[in-house]
Amino acid sequence: MFCALCRKHGVKSGTSQVSFFYGTDNFRAEFLNAHHLSEAHAKSSLMEATSDSPVNRATTELMVKTMSKVTLGRVENLFRSCHAIAKTGRPLKDFIWMCKLDDMKGVDIGPVFRTNKSAKTFTYFIAEVERKNLREKLEKSKFFSVISDGIINSLIQEAELVYVQFAHAGKVHCQIVGVQIIDKKDPVGIKNAIEKTLEVNLQLKLSSQDWAKKLVGFGSDNTLGIEGENNGVALLLKEIQPCVQIVYCFAHHLELSYKTAFQSIPLYNNVIDLLHGIYHFYHNSPLHKSSLITAFKGLHLRPVMPSQIGARRWLHGLQAALQNFLKGYPAIVQQLTSAEEDRSDISQQKAKELLELLLQADIVKFAHFLVDVINVLSILSRVSQNRNSSIADIFATLESTLEILQMYQTRPGPKERRVDSVTHFHGNHLRGKENISAVRNMVLTHLIKRLQGCFRDVSQDVVRATMIGSFKLWPTKINQEFGEKEVSILLAHYEPVLEAANVEIDEVDTEWSMLKLEIYARFQNIRKLTWDFVNSIYLHKYPNILTLVDLVLTLPASSAEAERGFSQMRRTKSQSHAKINTESMTDILIIQLNSPDISNFDPRKAIHLWNTRTPSSTGDTRPNSDCSSNSESHYESD
């Protein structure tokens, strides 16, 4: 006796079970029931439900088909549970109690596939659907960039987080590919990890001619390169594609540039210590806090309490702390003066130390100078971390920032000018040195030099030419010469890449002029346009220039997206309370960052892939469906 359904679809039971695939002469009821409730038979039923066999079959086959539809519905519910668990970053072991909860709610999920192993398998195939979708998108795109960032996983191993960015018909996509352990932390090891991630997850061999022709950019954190060492990874990628543009994580570079320029300055450290001291003085004492509020009211000022210097959003936190400090200065001085005079106050010495710093002229003036600098840098930081910012937007903002900082070298900024020559601040006499011009000039010289190196390994002319890809940088009124020089620079640099993408290079200049004229003639507010909208109207008329724009949009503005992926990974690990290997973490991150929302998730593609994928038909060793019998515990752990 054998199971016709299992034999039809080639699903074999585990070795510990009576074989209903090859046949058996054991007709005992418990063996028949065990097979009927086994995962092997359930999978056979599922394959039958999703097969393309005609509907008008014999009565028995229609009955089997009906039973298979029930199995399909059950598995859909299980896949949805796995997707929701991964999407929200919950540990996969929650799958078991979710199954119990479904039972209590009366949701039909059946008696099989209720193990941690099944949850891991289902998660893999949900992620596999997203990997296939990403590969299909990349194959349609004519260009792509790689973005990577170094991380340390739960096993204290160095790993690389890899993304790809590409643009198709004016729409930019930036999606995670996976996490890969680095065998050796050197340029070759990092490059090999990036290549392995692309090859394992997308079957994309970076060094192959087809893919190398598409590579146009590389975004990296590059902590080593920022300290002046040669960026070996960039050089190795340039061997694959000489046209590739190297862009470092601008947000990270900005933070390091700022800290390098300021942290060796004693006056800066005094201001930071003062901000920390004032915050803790009031934060740790309700009595002092209440006294400060009273001082604000006595001066007829709106209470502005000292704030903490932020750790995660460091620039924003420091900016807020400085602004609150300067707004609350008169009330803080008055309260500390009263605290210093109160002999019974155990914080008398601390109040005296803080008051001593508060009344130093150079401290007050440097705090105002610091606000001027941070106000400029915060705009640059905001632009660099905006997902809609292009490399041209960041570069243009950087040039404006450098120009303002150079101006501050020769004269004080708007905040510092208010206290530049004063001897009193809010009625309080200031003591000590009054001139900070030498310190200001030294700090700004170092900061400007560091910021100028942000795009050191990229062609400045090419980056400046990418302005044609940002409508925010287009002139409000038509300029006949606008973009002509930039288009020529881009064509000269990317000629081999554009030719490989079948772009008619001789037609690009003409198409640019005509496209520009039509856009200005048709639309009043250029700044609100998007390239995907422009493509929907003009792609059939001007395909060559719009392909060049896709190339520009493909260039990474920074590696901030990889930073966000790293943050998501840390949250997932903290919720799981367990060590997760890189393969499972890749699956979870892909579901979290690439897959649809829980309400829009359709499990059928993942179920179909799970049905058709067998160990013999694929070379990977990732988890496959367990076809063991239901005689195993439904709640086994990994």
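The values are calculated or read from the model by the stated rules, or taken from the named source; none is laboratory data. Fair warning: this is a prediction, and the values are worked out from it, not measured in the lab. As a convention, Cβ positions derive from the backbone with ideal geometry for all residues, glycine included, and neighbour counts pool all protein chains shown. All accessible areas refer to the heavy atoms of the entire protein, side chains included, with ligands and DNA or RNA removed. Shrake-Rupley method; radii C 1.70, N 1.55, O 1.52, S 1.80 Å.
Quick look at the values:
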{"quantity": "Solvent exposure ordering (accessible area, 1.4 Å, most first) of W314, W531, W97", "calculated": "W97, W314, W531"}
{"quantity": "Hz values of 3J(HN,Hα) by residue in the stretch 94-110 - Karplus curve (6.51, -1.76, 1.60), Gly and Pro given as x", "calculated": "5, 4, 5, 6, 5, 5, 5, 5, 4, 4, 5, 7, x, 7, 7, 10, x"}
{"quantity": "Rg(Cα)/(2.2 N^0.38 Å) for the stretch 432-545, N = residue count", "calculated": "1.51"}
{"quantity": "Net charge over other residues, Cβ less than 13 angstrom from the Cβ of S595 (K, R count +1; D, E count -1)", "calculated": "0"}
{"quantity": "Among 171-184, 476-489, 589-602, the order from most to least packed when residues are scored by Cβ within 10 Å on average", "calculated": "171-184, 589-602, 476-489"}
{"quantity": "Cα centroid separation - the stretch 69-142 against the stretch 493-543, whole Å", "calculated": "43"}
{"quantity": "Cα-Cα over 20 Å, subset of K93/K605; K196/K238; K142/K472", "calculated": "K93/K605; K142/K472"}
{"quantity": "Extreme residue, positive dipole direction of the stretch 402-491, given options G483, V419, L473 (C-beta unit charges)", "calculated": "V419"}
{"quantity": "Neighbourhood net charge (11 Å Cβ-Cβ; Lys/Arg +1, Asp/Glu -1) for K205", "calculated": "-2"}
{"quantity": "At R0 = 51 Å, FRET efficiency that the Cβ-Cβ distance of A521 and E158 yields, to 0.05", "calculated": "0.40"}
{"quantity": "Formal net charge of residues neighbouring G483 (Cβ-Cβ distance under 11 Å; K, R +1; D, E -1)", "calculated": "-2"}
{"quantity": "Long-range amide H partners of L430 with built H, under 5 Å", "calculated": "H424, F425"}
{"quantity": "About the Cα centre, charge dipole magnitude for the stretch 355-508 (Lys/Arg +1, Asp/Glu -1 at Cβ), debye", "calculated": "1180"}
{"quantity": "Among the listed pairs K259/K327; K352/K449; K297/K350, those beyond 30 Å (Cα-Cα)", "calculated": "K352/K449"}
{"quantity": "Cα→Cβ-extended label distance, 7 Å offset, between K93 and S400, nm", "calculated": "5.2"}
{"quantity": "Dipole magnitude of the stretch 418-463 about its Cα centre (Cβ charges: Lys, Arg +1; Asp, Glu -1), debye to nearest 20", "calculated": "200"}
{"quantity": "Protection proxy ranking of 291-304, 445-458 - average other beta-carbon atoms within 10 Å, highest first", "calculated": "445-458, 291-304"}
{"quantity": "Cα→Cβ-extended label distance, 7 Å offset, between S437 and F601, nm", "calculated": "6.5"}
{"quantity": "Sites K297 and R411, calculated FRET efficiency, Cβ-Cβ separation with R0 56 Å, nearest 0.05", "calculated": "0.90"}
{"quantity": "Separation in nanometres of the label points that stand 7 Å from Cα toward Cβ, at N502 and K185", "calculated": "4.6"}
